[in-house]
Amino acid sequence: MRITREISSSNIDNNTFELYLAALETPCKFQKNQQLCEGKPVLRRLSRRDNSESTYFIGCTNWKIGEKYHRFMHISSDINIELLRNLFDA
């Protein structure tokens, strides 16, 4: 994917690229037996019980039910989810 964009803090695509790069550069902080997790960032969907609109977050590929402190990055409304999905799928 070729990245061409005007640099602006209010630009949704810029915010999306910044979040993606931050996710790649930030290690997961989960530890087991004093070893840091080597999981990679992944885009996940958080479904709601009331069937309202789903939200997304950046999680860890090594997360398992019951484990705490794996990577969790909130995705704000100024992020292009489709672009973020394409970046993670590339």
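A Cβ distance below 6 Å, combined with a sequence gap of six or more or placement on separate chains, defines the contacts here; from the range 37-52, residues that are in contact (Cβ under 8 Å) with a residue 24 or more places away in the chain reach residues that are assigned to a loop (DSSP other than H, G, I, E, B) and surrounded by 11 or more Cβ atoms within 10 Å (Cβ to Cβ) in the pairs Cys37/Cys28; Cys37/Phe30; Cys37/Asn62; Gly39/Cys28; Gly39/Thr61; Gly39/Asn62; Val42/Thr61. For Leu84, the criteria (1) more than 30 Å from Gln34 (Cα to Cα); (2) modelled with pLDDT under 95 hold in every case but one, which is (2). Pairing each residue of the range 68-89 that is touching a residue at least 12 places away in the same chain (Cβ under 8 Å) with any residue that is among the hydroxyl-bearing types (Ser, Thr, Tyr) and surrounded by 15 or more Cβ atoms within 10 Å (Cβ to Cβ), provided the two are 6+ apart or on different chains, yields C-beta distances under 7 Å for Ile75/Tyr56; Ile79/Thr16; Asn80/Thr16; Ile81/Tyr56; Leu83/Thr16; Leu84/Thr16; Leu84/Tyr20; Leu87/Tyr20.
Scanning the range 17-45 for residues that are surrounded by 12 or more Cβ atoms within 10 Å (Cβ to Cβ) and not in a helix (DSSP H, G or I) yields a count of 12.
The values are calculated or read from the model by the stated rules, or taken from the named source; none is laboratory data. Because the structure is a prediction, the values reported are computed rather than measured. Methodologically, a virtual Cβ is constructed for each residue, glycine included, from the backbone with ideal geometry; neighbour enumeration extends over all protein chains shown.
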